[in-house]
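Engineer: Pasting a structure below so you can have a look.
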Amino acid sequence: PQIGDLSKLVSLKTLLLHGNIITSLRMAPAYLPRSLAILSLAENEIRDLNEISFLASLTELEQLSIMNNPCVMATPSIPGFDYRPYIVSWCLNLRVLDGYVISQKESLKAEWLYSQGKGRAYRPGQHIQLVQYLATICPLTSTLGLQTAEDAKLEKILSKQMSKQRFHQRQLMNQSQSEELASLAPVDTKAPLVPEHSSPVQDGQIVEESEPVIQVNSWVGIKSNDDQLYAVKNNFPTSVHTTRYSRNDLHLEDI
C-alpha cells in the first residue's frame, strides 16, 4: 500500500500514518501537502531507506517518526549504522526524529552527508549499498576506530563553533553595557543666563491701555453720616516709554 492523495488539505499540519502497512513513499511529493509539520510513519513496512528521499519536498517538516520499519532495524546480515544523520540530510528543517531532538553532532554529520558525502548518490533499490556506506560513515560502534576519528573531528568543529558563539555573546554584552552607561550619563541642561536687572518692559515698548482699576481705599475712614466710599482710581496713559511712574499719575477721586 502507498499513501493516499491528501494534497487538497493545504492547511494540514499533523498526519499520523503509523501502522498502515505502507511500503513506499514514492507518491509523497504529489500526495502529501507541503504544510505538514508533524508526520508519523512508524511501524510500517518501508524496507528501503532511500525512500526517505521522497520526503524532501516537505520543507516545513519538523517532527518525523520512522521507527520500527525494516529499513532502520538492525539485522544479522547488515552492519549497524546510525540512520539519523542520513534522514536529516534529506529533511533539512527536521528538529525531532523518533522522539529525540536532533543533536548538534547529528546536524554536522547530516550537513557533511549533504555537501560532501555520497549519501544522496544512492537511489531507491540500493538499500544494501546505502547502509554499507552509512556503516562506515555513521557506525553504531567504535570497533572500527573510524568513529573515534570522525567524532574527534566533529568535536573540534563543535568546540570552534561554541567558542565563536561565546565570543559573539560577550561582544553583544559589552556593547549593551556600553550603551546602557551612555544612556545613564548626565546631560548638560544649563538654562541660558538672564540679566539680573532686566526690566519687564523694554525701552520703546508700548503697553496697551488697560481698563481702570477701582480699589476700595481702605486707609480712608468712612464717616458715619456719609455712605460714600473713597477709592483709588489708576488711570494709565495710552503708552509709556519707561517702567517708572510718578505719584502724579495717581489721582484720588470721589465715586
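Engineer: Looking only at the range 56-78, which residues have a backbone nitrogen under 20 Å from a spot 7 Å from the Cα of residue 126 in the C-beta direction?
Structural biologist: Correct set: 56-57, 71-72, 78.
Engineer: Here is a follow-up. Percent of Cα-Cα pairs per 10 Å bin, from 0 to the last occupied bin, for the range 35-90, please list those.
Structural biologist: Going from the shortest bin to the longest, the percentages are 22, 57, 19, 3.
Engineer: Give me 21, 52 sorted ascending by neighbouring Cβ count inside 10 Å, so fewest comes first. Walk me through the intermediate numbers first.
Structural biologist: Numbers: 21 8, 52 25.
Ranking 21, 52 by Cβ neighbours within 10 Å, fewest first, gives 21, 52.
Engineer: Just want the ordering: 40, 178, 103, from fewest to most Cβ atoms lying within 10 Å of their own Cβ.
Structural biologist: Lowest count first: 178, 103, 40.
Rule-based calculations on the coordinates, nothing more; no lab input. Every value quoted in this text rests on a predicted model; they were computed, and no experiment measured them. Neighbour counts run over all protein chains shown; Cβ positions are idealised from the backbone, glycine included.
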